[in-house]
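Beneath this line is the structure, given in structure tokens, with notes to follow.
The values are calculated or read from the model by the stated rules, or taken from the named source; none is laboratory data. Just so you know, these numbers come straight off a predicted model, no measurement behind them. Here Cβ is always computed from backbone atoms with ideal geometry, including for glycine, and neighbour counts include all displayed protein chains. Please note that ligands, DNA and RNA were not included when accessible areas were found on the heavy atoms of the full protein model with its side chains. Shrake-Rupley method; radii C 1.70, N 1.55, O 1.52, S 1.80 Å.
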Amino acid sequence: MINPNASTILSVKNLTANVDGTQIIKGLNLEIKSGEIHAIMGPNGSGKSTFSKILAGHPAYEVTSGEIMFMGQNLLDLDPEERSRSGIFLAFQYPLEIPGVSNRDFLRVSCNAKRKHESLEELDPMDFDDLVYEKLELLKMDSEFLDRGVNEGFSGGEKKRNEILQMALLEPKLGVLDEIDSGLDIDALRVVSSGVNALSNENNAMLLVTHYQRLLDYITPDYIHVMAEGRILQTGTKELALELEAKGYDWILEGATV
Amino acid sequence: MSIEVKLQGHELTDAEVNPTIAASKAQIKVDRTAYLTDLVKLRNPEIPDWMQQTRDHASAIVQELAIPSSRDEDWRFTDLSALLATQFKSVTEPSALGFEQIKSYMLPESVNSRLVFVDGVYAADLSAVDDLPEDTLVGSLAQVQEFLPQVSDYFAKQPGGEEVFTALNTSSVIDGAIVWIPKDQIVNTPVHLLFVATGTAEFLIQPRVLIIAGSGSDVTVVEDYVTLNDRAYCTNSVAEIQVDNNAKVNHIRIQRDSKSAFHIGKTAVSQARDGQYSGIAVNFGGAIARHNWEIYSNGEQTHSQLLGLSWITDDRTSDTHSLIAFSKPHCTANQINKCIADDKSHGIFNGRICVPKLAQQTDAKQLSRSLLLSPKARIDTKPQLEIVADNVKCAHGATVSQLEDDAVFYLQSRGIDSESARKLLTYAFATEVINEIKVDSLRTKLQEMVRSVTEA
Ligand SMILES: Nc1ncnc2c1ncn2[C@@H]1O[C@H](COP(=O)(O)OP(=O)(O)O)[C@@H](O)[C@H]1O
Ligand SMILES: [Mg+2]
């Protein structure tokens with residue numbers, strides 16, 4: 001929901017970034033306000049996942065110029081864990097499997113790291129169970145998932161649900177959801193998107209990263225950005241998605257190469 | 001002594017070819033032989049009659065042997081010179097311990113199925129075996145023969161008895177733990193064999209275990225080595241396990257000897273037709289630790305499972321040499337060996353699997369996974385498959401890796417700092433083995449132990 005008086009959550013200015021010496025992000029600008037849902041679309045290889053991981057602080061990506069302000073502080077000064085605790089959440093395109101750590105323990109440790117940061121009392125396993133069962137319902141997940149290793153042997157769709165479950169527990173200011181729809185059948189897509197919709201409110205913001213329009217049938221963005229070759233080439237409202245659906249990306253890409 | 005005999009020979013000796021080399025070789029040979037002979041002298045002369053012959057036989061074997069050096073293929077990576085530099089003592093007056101001192105090692109599941117040995121000496125007052133089915137015999141090996149004459153048919157009868165440290169143990173044996181499960185007996189209570197080192201002196205401790213699972217029986221045995229103090233003592237243990245037809249033995253071996261100690265341990269298992277052996281070996285202790293784990297499958301359709309975990313720090317060494325020797329068709333084995341090496345430690349795994357012509361339809365899997373936590377740590381891992389039969393499935397794999405950056409980042413992105421993330425991932429690597437321990441209190445205790453190491 002767009003509210004001109006809402007506070008700015010994320011502000012990215014002229015961002016450039018390298019991986020292994022190759023420039024991948026080439027001057028990216030983006031501003032996200034409280035209550036808004038944004039979608040970044042663009043062809044494969046345009047730098048969407050790279051940008052998402054930069055927001056979360058992945059050490060493989062080197063920011064070479066520009067700035068990222070998050071809730072008034074310089075995001076680039078923060079370690080990945082500090083970013084998470086201050087309210088950035090990245091749902092991974094490919095969530096990792098961690099056999100040997102139970103999903104329940106992982107979720108609790110993670111939740112408590114955030115609570116500690118906010119000077120809240122840490123949850124003991126009992127209290128945590130109450131909290132997590134409530135969130136499981138939102139994602140129509142069986143409690144059996146809690147006793148398995150983190151993402152261990154989960155199907156693609158189960159992994160994505162588990163990502164949103166984590167978001168539900170961490171209640172971030174900014175949720176960055178990288179290809180949250182990939183590998184989902186239509187039922188799973190419904191569950192995941194209704195989860196995201198339920199979690200989205202006037203005090204937070206979501207950034208959906210996708211190269212399919214399909215997700216946007218379930219989650220309605222306020223803004224759509226088209227990304228190619230490490231830059232945002234065009235920004236529009238949800239009608240832009242329909243235009244992209246009809247005409248593809250080429251007309252924007254052509255228009256931009258000057 | 002053998003060295004003198006050699007020098008009297010008429011062939012051209014090393015001494016005539018190159019006196020310097022010969023002198024140094026002879027020196028080492030003498031040292032390692034003499035040192036071993038001295039270890040035998042530490043034994044207690046009092047011995048039950050029925051063990052006498054076995055012990056004498058082993059002494060004769062030891063006379064021909066020496067402490068291995070890195071030139072012995074089986075000891076290539078494990079340097080025993082620190083052992084040779086230590087003067088061990090015999091346990092002349094066993095320490096009297098109270099429950100207070102061993103309480104933290106006792107298992108609630110085994111309050112009445114526990115044998116305790118203090119510095120290798122049976123401690124009757126700390127042991128309790130009231131919880132076991134009537135015909136089951138769990139107790140001191142020395143005293144058992146009176147009730148169970150058949151025990152001599154099994155004692156020191158496993159293959160591999162001529163290996164130097166096994167023979168040393170047999171040459172010095174006076175007692176040990178016997179676990180005798182009669183035919184078709186299902187023992188639900190785990191039997192806890194607790195070997196406590198007091199760590200009060202540089203003792204040479206030589207525990208002995210004999211487990212006989214009669215046909216169709218089922219038993220869980222925890223063989224547990226613990227210490228009360230940090231000291232450079234030496235544990236040289238031998239456990240022999242007989243799994244009769246269709247019997248099932250769950251064997252959990254926990255080695256948490258002192259980090260300054262030497263631990264050399266042998267597990268020799270024979271499986272008869274349809275026998276199932278499931279072993280978990282956890283190695284945490286020892287400045288130098290070696291586990292020789294040998295499985296002899298003697299019947300059709302045996303199943304063997306071996307899960308190993310070594311976790312070493314500082315400049316310590318942990319070495320597992322395993323052997324799975326098949327001899328009949330239709331047998332299966334599944335082995336996973338994990339090693340975590342931190343600081344400047346050195347982990348070694350040598351996994352030998354023998355599948356002779358007769359052992360058709362064998363299905364064996366071996367996986368070695370190692371985690372290097374420090375650039376100065378070292379891992380040597382080697383599968384050694386000797387397959388003659390042509391119709392078999394044998395899979396093996398080995399990985400040596402560091403913690404994955406992406407896994408660390410995933411945890412960080414959930415608010416967990418990188419240090420804790422690394423510890424959590426290390427914990428996860430280790431608990432995959434520990435989680436398989438079916439004795440709840442022990443599993444929980446080891447999980448906590450591993451967690452506290454990772455959270456320290
Ligand atoms: N770790 C990396 N090492 C090398 N190249 C990378 C790495 N990560 C991404 N890239 C490259 O950066 C470009 C953008 O990739 P990515 O951000 O994954 O695109 P998208 O998510 O839009 O499909 C691609 O050309 C990809 O090959
Ligand atoms: Mg991507």
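Quick one: would you say A:Gly66 is out of contact with any Cys (no Cβ under 9 Å at 6 or more places or on another chain), within 12 Å of another protein chain (Cβ to nearest Cβ) and part of a strand (DSSP E or B)? Steps first, please.
Details: out of contact with any Cys (no Cβ under 9 Å at 6 or more places or on another chain): yes; within 12 Å of another protein chain (Cβ to nearest Cβ): no; part of a strand (DSSP E or B): yes.
Criteria not met by A:Gly66.
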message: Being over 22 Å from B:Lys423 (Cα atoms), at pLDDT 95 or above and within 16 Å of ligand 2 (Cβ to nearest atom) is true for just one of A:Leu184, A:Leu177, A:Leu169, A:Leu165. Which residue is that?
response: A:Leu177
- request: Filter region B:383-433 down to the residues that are open to solvent by less than 30 Å² (accessible area, probe 1.4 Å) and farther than 30 Å from A:Glu171 by Cβ, then identify the one that is farthest from the other protein chains (Cβ to nearest Cβ).
  value: B:Ala389
- line: Inside region B:349-371, the number of residues satisfying the requirement of being open to solvent by less than 40 Å² (accessible area, probe 1.4 Å) and either closer than 13 Å to B:Leu323 by Cα or in contact with a strand residue (DSSP E or B) (Cβ under 7 Å, 6 or more places away or on another chain) (or both) is 12
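In region A:29-45, which residue that is closer than 19 Å to A:Asp178 by Cβ and at pLDDT 95 or above is farthest from ligand 2 (Cβ to nearest atom)?
Step one: list which residues in region A:29-45 are closer than 19 Å to A:Asp178 by Cβ, which gives A:30, A:32, A:36-45.
Still in the list and also at pLDDT 95 or above: A:30, A:32, A:36-40.
On the way: A:Leu30: 16, A:Ile32: 19, A:Glu36: 22, A:Ile37: 19, A:His38: 16, A:Ala39: 14, A:Ile40: 10 Å.
Ranking the candidates gives A:Glu36 first.
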query: Could you say whether any residue in region A:80-92 is touching a Ser or Thr at 6+ places or on another chain (Cβ under 7 Å) and more than 10 Å from chain B (Cβ to nearest Cβ)?
result: no
message: I want to confirm something. Restricting to region A:22-49 and keeping residues that are open to solvent by 20 Å² or more (accessible area, probe 1.4 Å) and of a type in the set (S, T, N, Q), which single residue is farthest from ligand 1 (Cβ to nearest atom)?
response: A:Asn29
query: Somewhere in region A:51-60, is a residue open to solvent by 10 Å² or more (accessible area, probe 1.4 Å), modelled with pLDDT under 95, within 16 Å of ligand 1 (Cβ to nearest atom) and assigned to a loop (DSSP other than H, G, I, E, B)?
result: yes
- request: Take region B:365-396 and flag every residue that is touching a Pro at 6+ places or on another chain (Cβ under 8 Å) and not β-branched (Val, Ile, Thr).
  value: B:Gln366, B:Ser368, B:Ala389, B:His396
- line: Out of (1) within 16 Å of ligand 2 (Cβ to nearest atom); (2) in contact with a His (Cβ under 7 Å, 6 or more places away or on another chain); (3) open to solvent by 70 Å² or more (accessible area, probe 1.4 Å), the one A:Glu229 does not meet is (2)
message: Please return the ranges of helices (runs of 4 or more DSSP H) entirely within region B:127-196 where 3 or more residues are closer than 20 Å to B:Tyr225 by Cβ and at pLDDT 95 or above.
response: B:164-172
- request: Go through (1) within 14 Å of chain B (Cβ to nearest Cβ); (2) within 16 Å of ligand 2 (Cβ to nearest atom); (3) charged (D, E, K, R) one by one and return the number of the condition A:Lys48 breaks.
  value: (1)
- prompt: Consider B:Trp75 against the criteria (1) over 20 Å from the mean Cα position of the chain (by Cα); (2) surrounded by 17 or more Cβ atoms within 10 Å (Cβ to Cβ); (3) over 28 Å from B:Glu46 (Cα atoms): it satisfies all of them except one. Which criterion is unmet?
  reply: (1)
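Are there any helices (runs of 4 or more DSSP H) wholly within region A:101-218 with 3 or more residues that are closer than 30 Å to A:Gly72 by Cα, in contact with a helix residue (DSSP H, G or I) (Cβ under 9 Å, 6 or more places away or on another chain) and within 13 Å of chain B (Cβ to nearest Cβ), and if so which? Break it down into steps so the answer makes sense when it comes.
Values: elements: A:103-117, A:125-138, A:156-170, A:186-199.
The helices (runs of 4 or more DSSP H) meeting that bar are A:103-117, A:156-170.
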- request: Starting from residues that are within 16 Å of ligand 1 (Cβ to nearest atom) and open to solvent by less than 10 Å² (accessible area, probe 1.4 Å), keep the ones in region A:164-204 and report whichever is farthest from the chain's Cα centre (by Cα).
  value: A:Asp181
field: Test result for A:Ala17, touching a Phe, Trp or Tyr at 6+ places or on another chain (Cβ under 9 Å) and under 30 Å from A:Asp250 (Cβ atoms)
entry: yes
Subset of region A:51-73 [hydrophobic (A, V, I, L, M, F, W, C) and more than 16 Å from ligand 2 (Cβ to nearest atom)]: A:Val63, A:Ile68, A:Met69, A:Phe70, A:Met71
task: Sort through A:Glu121, A:Glu82 and tell me the only one that's free of Cβ contacts under 8 Å to residues at least 40 places away in the same chain, open to solvent by 30 Å² or more (accessible area, probe 1.4 Å) and under 20 Å from the mean Cα position of the chain (by Cα).
output: A:Glu82
task: Looking only at region B:434-452, count how many residues are modelled with pLDDT under 90 and open to solvent by less than 20 Å² (accessible area, probe 1.4 Å).
output: 1
